[in-house]
Every structure is written in structure tokens, then in C-alpha cells.
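First the structure, in the form of C-alpha cells, and then the observations on it.
The values are calculated or read from the model by the stated rules, or taken from the named source; none is laboratory data. Computed from a prediction, not measured in an experiment: that's the story for all the values here. As a convention, Cβ positions derive from the backbone with ideal geometry for all residues, glycine included, and neighbour counts pool all protein chains shown.
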Amino acid sequence: MQSKYTTLYVTAGLFVLLFLAGSLQFSGFGSTRVFANLFSDNAFLAITAIGMTFVIISGGIDLSVGAVIALTGVASALLIGEYGMHPLQVFPLVLVGGGLFGAGMGALIHYYRLQPFIVTLAGMFLARGLATTLSEESIPIDHPFYDTVADFGLLLPGNAWVGTSTLVLLLVLVAAVLLAHFSRLGGYIYALGGSAQSAQLMGVPVAQTTITIYAISGFLSALGGIVYTFYTFSGYSLTGVGLELDAIAAVVIGGTLLTGGSGYVIGTLVGVLIMGVIQTYISFDGTLNSWWTKIVIGLLLFAFIAMQRLLTGSGKGGTAHA
Amino acid sequence: MTLLSLSKVEKRYPGVKALDGVDFHLRAGEIHALLGENGAGKSTLVKVMTGALEGDGGSMTYLGEPLRLKSTAQAQARGISTVYQEVNLLPNLSVAQNIYLGREPKKFGLIDWKRIHRQSAELLKRFALDIDVSRPLSSYSVAVQQLVAIARGVDMSAKVLVLDEPTASLDAGEVEQLFGVMRELKARGIGIVFITHFLDQVYSVCDRITVLRNGTLVGEFETASLPREELVAHMLGKELQREAHRGDAREQREGGEALLSLQGVSVRGSLGETDLTVNRGEAVGLAGLLGSGRTEVCRAVFGVDKKSSGSIVFNGRERSFKQPADAIAAGLALCPEDRKTSGIVGPLSIRENIALAVQARRGWWRPMGRAEQQKLAERFIEELQIATPDADKPIEQLSGGNQQKVILARWLATDPQLLLLDEPTRGVDIGAHAEILKLIKKLCSEGMSLLVTSSELEELVAFSDRVAVMRDRRKVAEIKGEDISENTIMRAIAEA
């Protein structure tokens, strides 16, 4: 009998394999420091991809996330730098803004029966355009709060640094798992991905659920955008170009079906870690062009989609709850 | 006690009245069959009483109070649940999750999975199902899925349970299991609306029967006092005549050699073993109620559905067509039942629609010139008297009858030896109806063989040399020559 966690095991196994391969080849690769850096370097992507996971499980797609990250960064930098607001005042503002932006797209998708692909593509152009209009230049963020937050963290054995971004990611992860498997809304999201029509006949509030899903994705992209400003101490309108595709790739590699109805948040995190480990491998090697990351991810995607087809083709696709 | 009662319900769609002042009364603790042929309005009525559609007129009373439904969720909350033929549950979720979706018990604000699993297992045991409720619904058979759907409905304190063709894809044992559950629910005072095509099933579980036809109420009957023949007569809208009606003196065209012969052909899940022969130059009618297996015979012959047993001999050779293209190449043609979805290509012109099948037969590497297409189209427009100013009019702008003629022309242009017509006169006006019948007769006299399904008895009587009667997905009788009359066909359909 096939376990419903098959794809998850395959993904996790692949990560362990890649990490081991790197550790054997390069000294210093197999350390807690490199492992911890996988989290902190990719936290913004992982947070965004977790939002994307819900969207894809529900049978949709959100192409606007990369642009929302850029818009969030530019808006935050402007509000802090030019208007002198405190970051703690700015963050709730941009988070709510990201959530509303997503909710708006969700409402369009539901009430006008539009394709998520088109609506979020429009959202992507809109957000990117807005960010560029606000400022074409990169805006530096210079605020004592940023220094405090950036310095905050725990030092684990092996010189491993667990910073704010990693902590935020772990919080988001716990919340997302609770949402997916221990709340009614989570059940509704999987239900929509199984069959929107059946879900409606079973009494699922389709409108609210759809809008909430895209709002979550918008909110988490904005959060990813804030986390990103802590890497660069700036906001720039060209941040995260093509990031939506990385997020989708991470979700798929993490075992979520692109057709919806099945997948796990944890899988997405492992998907992001796999992409991170490949990047780390390439930087350790030093001779390989960084575009090899894309090539390997492309091959992995093909392999995972083929695997999903085989699994669902035999009528035993994954299932929803843990 | 009357549980749910609908009075003078109306529902209009553009151009059609789907329900025209229909009454329906469901009592507590009864199984009530809702019967009718295609277009009778059964599914519209069900949608109105379950909140999926809002009626345009009339009123509903539920438990003695007026009822207005805006959504299925609201109907469910009031205790009216529906189980559809295509199980409307979520295959990707676990059995337990399907039963509790939207009303999960919680502990400390989180969903209490232990309790859900325990309670679902207990619930399903009452339905004689002992399965692992944590596995995805899709890992179980349709029968189990249907029982799960019923369990969900009943557990949501259903007082009214609507079963829309629940038995269509079940085998005999599974049907019995379902009937057992239905009888138990009935004993508990639940009112069940049961929609089915199988008359045997109606007579084995139902207390009362409501028959609809063309959106109007034919009547409400006690099952025990309604003979089968009368029921069929009500459904088809024919009066049973005391004396057998003799058809026109028909010329006997039998005696030609067999062109198509089916021996023990069956299709898994949709057609029982069937023998059938069509001779050269003969028109064979396929009679039977909706869902009796008429269309399935055509589909099996034409290679749309894969047969699971038996042999098909066409033109002296044993053939088993893997796809319709092979059947077309061998000299068969099929005009499908649903013209709109599987026949016409709406925006293309009449000329292009006619040329399609000929072109498909030739292969794309030998395109047909425009002049050639035009000649072909003009020939058929004249021969079949298609009412159109010219051959370039898009087919979607024609009336139903003329569209049907264009489809006929498309297949006639391939010069088939055997033409399969599935309900050729459905939804066409009376004038076109007569012309299509005339055409069928003419084709026969020219030596073409036809296999025609129809739910209109007088039509079958008018053109058939032989009528094969289908019931419950198998052939139950064959009526020849002089014996063909509306009465004999109706009796054969109804016979127990």
C-alpha cells in the first residue's frame, strides 16, 4: 500500500541525499552553520512559498508574489526613510496592505469567475509598476531598529546563527501547519482543490475561502518582503523578479499537486531547502556557473511532475490531513 | 404526515419551461420514486427542493412551515440532503473528513481528529461499512462512496434525503446493500426521494411514485396499485389501447444478409450481454426508457466505448473498433444523441460542417478544395431541404431540425453502409421531424442500413423493420414486422 506521505518522503530523502553529497565532497559543508544558513538565507522565499502552497492546494496560482515583495520593500523604505515612521508602525500597514491586495484578487477570481493566472498576472504588473513609480532607485533603510533586529538571534553550537528571519519563518510554519490541518478553513482549502463544485454542494463557503486564500498569500508575500529588507537594508523595485516562479517550483518539488487538492506545507519548506542546498553546493564548488542552480531545479521539476503523474495516475494521489 | 410539499412550482429557462406548475408531496417514512424521461424536469425539481436552484413560482412547505431556500448549505442545515449519481464528495480528502467537513468537533480551538475518526467509524458501522476512515475517499468503490455520502447526509440530521440515481454504477449486491440502508432510514421516519431508471428497483423499494413529463406533473401513484404497463404509459405519454394497433402495411425488406451482428457484446458498467443483428437495407429501431442501454449499444458498435466481451461482425469480418475513426473508415457513421455538445461545430459554416467527416476520412494531407466542398454542401442542402439562404451560414444560426439535417448530411457524405442514429428527432420541430422520418425511409429504400434509437414510439413504429427493446442495460425483446405497434413495444419495455 502506498502511503499518502510518499511524495513528502521522496522530497525529504532527496534533501538528505544532496546535503550528504555536499558534506562528503567539501569540508565545512556538513555543518550546523551551513544548515542554519539554508534557513536564514531563504526565509523570505520560504515564507512566500508557504502562502503559495495554500493557493496551489486550492487549485489556483498566484503570480503576484514577487512583485508584492518588491512593493512592500519600496513602500517600507519610503515610509521609514522619507516619512520618518517607526518600522513597527510601518510593518502592520504593509502587511495589511499585502493582505488586502491578495483579497482583492481573490474577490475578482471568485465573483467574476476569472482565471487565477490572469488575475494574478495583472496583480503582478500592477504591484511592480506601483513599486517602480514610487521609486526607480534603491532606497536605503537606516534605522536603529533595523540594526537591533538584525543583531538579534541565537548562536547554536557549531557557530550556527539563528536570526530573526529564521525565527519568523518557523513561526509562520507552525501557524501554517495548524491552519492546514487543524482548522476548518484548512479543510475548506483542500476541499476547493478537490472539486470546487462538490465543495459548494457540501456547504463550503467558497467565496470567503477563495478570498481568504489569496489574502493569506498576499499577507505572507508582504511578510517575505519585510524579511527581505533585513538582508539588504533597502527597498528596491526590481527585487524578486521571477521569484513567483521559484516559489511555485519549491511548492511542486515539495510534493504539492499543481492540480490542487493535495500537498503539505512542510513539503514546501523542504522544497525551498533543496533549492538552497543546490545553490550552496554551487558556491562551494566555485567553478560552476550559478545558472546551474536553475538547470538542476528545472530537471528536478520535470522529475517531480512525472512522479506526481505516476502517483495520481494510479488513482492513489496524496490526501489532505496529517 | 407530509414532510415536504411543493406546490405549483415553476422554473423557466430562456425558451423553455423546465417546470410548469408541478406538485410534489413527500411523507415522513416513505420512499418516493420520482420518474420521467429525458427533459421531464426531474433534475430541475430536485434542484429546487434542495436549494441548488430557486424556482420562479410556486411555494414549498417543510414541516408545516413555508420554506424558501437560497443555497444547498441552507437546505442541508434545515435537514434536506442530496446524494448525486456522481458522488459529490471530495475524493482527495479522507472518508472521515468528508463526513465532518465544515462541522468538525474541536478541542482547544483545534480540530479533534481522534474524535472525528472514532465517530465516523461508529457512524459507518451503522451502515454496515467497516472501513479505514483515515484513507482517502478515492481509494474506495463508488458504492462505498455513495454510502459515505448518505451517512454524511443522515448524520447532519437529515429528515429528507434525495437520492439522484444512486444505483447507476452499482452492481446487484451493492444495490441490495443500499436498499437495506434505505429501508432502515425509512423505518426511522426519514423521507426519501429516489430517482432511478430501473423500474425493478422502483417496485422493490418505493411506496409511492410521482411521474413527470415535459416539465408537467403526470400524477402521483401508490406503487402497489400501479401496474408496470401503466407506469410506462404514463412516462412515455401514451394511452394503453385495448386493441393492438396495426401499423401501416409494411413491405418486408428482410432477408438481406447480415451487415452487422453483435454476439454477447457487453461493456463493463454500462451494457449487459447483448445480441443484435442489422441486415442490409434494414432499419432497426432501438426502444427503451432513458438509461436502458440504447445509446450504449451505439457507442459500443462505433468504438467509443471499449467492449469487455463478445464479438462484433461487420460486413462479414470480425471487427473491434478501437476508436471512432476506425469505424468511420470501415463504413459506419454515428449521429450522436447530444447534437450541441458532440455534433455541430457551432461557428463553422454549413459547408464546413458537412465536409468535416469526408475530410477526416481522407486524411489531412489531401485537403478538399473549396469548390468541391461547395458542390457537396449544395447537393445536400437541396436533397435534405435544409432551410438556409446559402452554404456559408454558421450552423449555430440554424434551427434544431436543420442542424440535425446538416449532421445527417455530414455522415451521408461519407457514404456509409450503416448509419447509427441516436435520437435523431430530439428537440426538432414537427415539420423537420416529419422530414427526418421521410429521409430515414428513403435511405432504407436506397439500400442503406440503419440502427435508430428513439424514445418516441410512433416514430419507431413508423420506420422500423424490426424493433429491439432494451431494459436495464440489456436486450429483452425483439419485435418484427406486423407485430410492431406502440402497444407491443410498451409491453416489452414494462414486462417484469
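Numbers below:
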read-out	value
Residue among B:S464, B:S455 that is at pLDDT 80 or above and not assigned by TED's automatic domain parsing to the domain that holds B:F198	B:S464
Residue count, segment B:152-182 (criterion: more than 23 Å from B:Q119 (Cα to Cα) and either touching a His at 6+ places or on another chain (Cβ under 6 Å) or assigned to a helix (DSSP H, G or I) (or both))	6
Sole exception among (1) at pLDDT 85 or above; (2) surrounded by 22 or more Cβ atoms within 10 Å (Cβ to Cβ); (3) out of contact with any helix residue (DSSP H, G or I) (no Cβ under 7 Å at 6 or more places or on another chain); (4) within 14 Å of chain A (Cβ to nearest Cβ) for B:N92, by number	(3)
Those residues of segment B:450-496 which are among the hydroxyl-bearing types (S, T, Y) and surrounded by fewer than 23 Cβ atoms within 10 Å (Cβ to Cβ), in sequence order	B:S455, B:S485, B:T488
Out of B:V175, B:V144, B:V160, sole residue that is at negative phi, assigned by TED's automatic domain parsing to the domain that holds B:E37, surrounded by 21 or more Cβ atoms within 10 Å (Cβ to Cβ) and not aromatic (F, W, Y)	B:V160
Counted residues, segment A:193-219 - those being away from chain B (no Cβ under 14 Å) and out of contact with any Ser or Thr (no Cβ under 9 Å at 6 or more places or on another chain)	5
A:V172 vs. criteria within 19 Å of the chain's Cα centre (by Cα), aliphatic (A, V, I, L, M) and within 14 Å of chain B (Cβ to nearest Cβ)	no
Residue ID - nearest to B:G346 (Cα to Cα), chosen from residues in segment B:368-413 that are over 33 Å from the mean Cα position of the chain (by Cα) and part of a loop (DSSP other than H, G, I, E, B)	B:D392
Selection status of B:A187, free of Cβ contacts under 8 Å to residues at least 60 places away in the same chain and among the small types (G, A, S)	no
Residue in segment A:230-244 that is outside any loop (DSSP other than H, G, I, E, B), within 19 Å of A:G102 (Cα to Cα) and in contact (Cβ under 8 Å) with a residue 24 or more places away in the chain present	yes
Where A:D285 falls short, out of the listed (1) more than 25 Å from A:M124 (Cα to Cα); (2) surrounded by 15 or more Cβ atoms within 10 Å (Cβ to Cβ); (3) in contact (Cβ under 8 Å) with a residue 40 or more places away in the chain	(2)
Which listed residue, of B:Y100, B:Y62, is crowded, with 21+ Cβ neighbours inside 10 Å, of a type in the set (S, T, Y) and closer than 30 Å to B:L231 by Cβ	B:Y62
Sole residue being assigned to a helix (DSSP H, G or I), among the aliphatic types (A, V, I, L, M) and closer than 19 Å to A:R113 by Cα, chosen from A:A199, A:A175, A:A180	A:A199
When residues of segment B:68-81 are limited to those that are away from chain A (no Cβ under 12 Å) and free of Cβ contacts under 8 Å to residues at least 40 places away in the same chain, the one surrounded by the most Cβ atoms within 10 Å (Cβ to Cβ)	B:L69
Among the candidates B:E296, B:E273, B:E337, residue that is surrounded by fewer than 17 Cβ atoms within 10 Å (Cβ to Cβ), assigned by TED's automatic domain parsing to the domain that holds B:G363, more than 21 Å from B:Q417 (Cβ to Cβ) and under 20 Å from the mean Cα position of the chain (by Cα)	B:E273
Qualifying residue in segment B:383-406 (condition: touching a Gly at 6+ places or on another chain (Cβ under 7 Å) and at pLDDT 80 or above)	no
Scan of segment A:175-192 for residues that are within 13 Å of A:V206 (Cα to Cα), among the hydroxyl-bearing types (S, T, Y) and at the interface with chain B (Cβ under 7 Å from one of its Cβ atoms), ordered by number	A:Y190
Some residue of segment A:234-252 being under 24 Å from A:V174 (Cα atoms), more than 14 Å from chain B (Cβ to nearest Cβ) and of a type in the set (S, T, Y)	no
Qualifying residues in segment A:125-164 (those that are closer than 21 Å to A:A43 by Cα and small (G, A, S)) - the one farthest from the chain's Cα centre (by Cα)	A:G158
Enumeration of residues in segment B:101-151 that are of a type in the set (D, E) and either away from chain A (no Cβ under 11 Å) or in a helix (DSSP H, G or I) (or both)	B:E122, B:D130
Matching residues in segment A:1-30 - criterion: being in contact with a helix residue (DSSP H, G or I) (Cβ under 9 Å, 6 or more places away or on another chain), polar (S, T, N, Q) and modelled with pLDDT under 90	A:Q2, A:S3, A:T6, A:T7, A:T11
Qualifying strands (runs of 3 or more DSSP E) (wholly inside segment B:1-98; at least 1 residues being under 30 Å from A:Y190 (Cβ atoms))	B:80-83
The listed residue being in a strand (DSSP E or B), within 22 Å of the chain's Cα centre (by Cα), modelled with pLDDT under 85 and farther than 20 Å from B:I150 by Cα, out of B:V265, B:V232	B:V265
Given (1) more than 30 Å from B:A434 (Cβ to Cβ); (2) surrounded by 22 or more Cβ atoms within 10 Å (Cβ to Cβ), index of the condition B:A329 fails	(2)
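Yes/no per residue for (1) modelled with pLDDT of 80 or more; (2) more than 18 Å from B:L412 (Cβ to Cβ):
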residue: B:K307; (1), (2): yes, yes
residue: B:V313; (1), (2): yes, yes
residue: B:E318; (1), (2): yes, yes
residue: B:K322; (1), (2): yes, yes
residue: B:A330; (1), (2): yes, no
residue: B:A333; (1), (2): yes, no
residue: B:T341; (1), (2): no, yes
